[in-house]
Amino acid sequence: MAPPERITVLGAGSWGTTFAKVLADAGNDVVLWARRAEVAAAINETRRNSAYLPDIRLPSTLRATDDAAEAVHGAGAVVLAVPSQTLRENLAGWQPLLPPEATLVSLAKGVELSTLKRMSEVIGEVADVPMAHVAVVSGPNLAKEIAAEQPTATVVACPDHDRAVALQHACSTPYFRPYTNTDLVGIEIAGACKNVIALACGMAAGLGFGHNTMSSLITRGLAETTRLGVALGADPMTFAGLAGLGDLVATAMSPLSRNRTFGERLGRGETMAQAQEAAHGQVSEGVKSCSSIRQLAARHGVEMPITDVVHRVCHEGLAPAPAAAELLGRERKPE
Ligand SMILES: NC(=O)C1=CN([C@@H]2O[C@H](COP(=O)(O)OP(=O)(O)OC[C@H]3O[C@@H](n4cnc5c(N)ncnc54)[C@H](O)[C@@H]3O)[C@@H](O)[C@H]2O)C=CC1
Ligand SMILES: O=C(CO)COP(=O)(O)O
């Protein structure tokens, strides 16, 4: 039998640590890179990442290090599990270390502020690899539920179908079921936009609104996300799938979502600073991506009214209540 494949995960936050556990449970030889040496040492000694997943025992086949060169050496796949807005800078530092044939896998859900690029575009550019080497994993994947081994499906997207299938095999476990897709654009636009719609749903919850409001925001949020994706060349069917509707529903409805929780705090009247502080350094990607997605939509002449008001609440001082009234007061039109 062939020895297990070496897979490296760069970033030991909630999702990086959880995805490393999935890969180890699937039978791979997994190395997890943490920024802080004490986090790597604690994972190796106690089998726990207490800052992010205190209740989860990590498998013994998962090894942690704070040495990126050691982490990526000989890896068949390198998984990038850092926030969207720092990925470019992080990857530039790792680029000289990367094995040339490795599949580079993005877990991040966002659009870069300075360039309006999707994460796979940033990876292709900074790592200087063909897009066929770049893959994305995205779906209704709240880290804490997966770490607890609750059944979940996801999508592994790569322009090279064979690489997508190889990665699908590498991350299949009895509790984690990946499907393949080749529509990188659709999968990434869906993943970035659902964080913004989840912020809107959180704001609605904070204002005291119920399920009709949530459902209306989810449905119209999916409509504006699909419009943007199609304008960028995505397959509209992608938005009806796990990484589209699936992830949107999970994120917009779950109290485990950092984006939804952030929005809820704003809806209850907290300031941006208070909501940021309560997040304890964990990333709520939609807070920044609402601005880059709004600009991307403007560049392509796409109307995204929910994204627009989320941007104005987060960055221009609009209060959530008048934002909701503004959405309801828009010009009437056919569905
Ligand atoms: N947590 C979740 O349930 C899921 C998260 N994601 C996405 O995965 C990405 C990562 O998210 P999480 O792991 O949850 O975030 P997190 O906030 O829990 O962890 C981020 C990790 O990146 C590291 N990091 C932060 N800033 C950095 C910098 N400047 N340089 C290097 N490392 C830095 C942190 O030390 C930490 O290890 C995000 O784009 C998120 O949207 C996707 C699916 C599920
Ligand atoms: O992407 C996620 C679930 O699929 C996680 O969402 P949050 O970043 O809002 O926690």
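No lab work stands behind these numbers, since they all come straight from the coordinates. What you see is a predicted model; the values in this text were computed from it and never measured. Reconstructed Cβ throughout: ideal geometry from the backbone, glycine too, with neighbour counts over all protein chains shown.
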Have a look at the stretch 267-318 and give its Rg and Dmax from the Cα atoms, expressed in angstrom. 12.2, 37
Looking only at lysines whose Cα falls under 26 Å of K333's and that sit 8 or more positions away or on another chain, we get K194
Tally Lys and Arg at +1 and Asp and Glu at -1 over the other residues with C-beta under 13 Å from the C-beta of K144: what net charge comes out? -1
Grab the beta carbon distance between H211 and S172, set R0 = 45 Å, and tell me the FRET efficiency rounded to 0.05. 0.85
Longest the chain segment clear of trypsin sites (Lys or Arg not before Pro) sitting in DSSP loops (not H, G, I, E or B) with at most 14 other Cβ atoms within 10 Å runs 58-329
Can you tell me the 0 to 90 degree angle between the C-alpha axis of helix 37-46 and the longest principal axis of the chain, rounded to 10? 70
Surrounding net charge for G206, when Lys and Arg each add one and Asp and Glu each subtract one, Cβ distance under 9 Å: 0
Between R220 and R36, what is the spin-label point distance in nm, taking each point 7 Å from the Cα along the Cα→C-beta axis? 4.2
Any idea what diffusion coefficient the chain gets from Stokes-Einstein, in µm²/s, Kirkwood Rh on alpha carbon pairs, 20 °C, 1.002 mPa s? 107
Compare G208, G16, G221 in a GNM of the chain, Cα atoms joined below 10 Å, and give the one with the largest fluctuation. G208
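Evaluate E = 1/(1 + (r/R0)^6) for H280 and H315, where r is the Cβ-Cβ distance and R0 equals 22 Å; express this FRET efficiency to the nearest 0.05. Please list the in-between numbers first.
On the way: r = 22 Å, r/R0 = 0.98.
According to the calculation, E is roughly 0.50.
Report the full-extension gain for the segment Q150 to E70: residue separation times 0.36 nm, less the Cα-Cα distance, to one decimal in nm.
The Q150-E70 span can extend by a further 25.6 nm.
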Taking the alpha-carbon distance from K21 and a cut-off under 23 Å, which lysines remain once sequence neighbours fewer than 8 residues away in the same chain are dropped? K109, K144
Selected from A77, A223, A20 as most flexible by GNM, with the chain as the system and alpha-carbon contacts under 10 Å: A223
Which of G74, G202, G139 ends up with the largest GNM mean-square fluctuation for the chain, with Cα atoms connected below 10 Å? G74
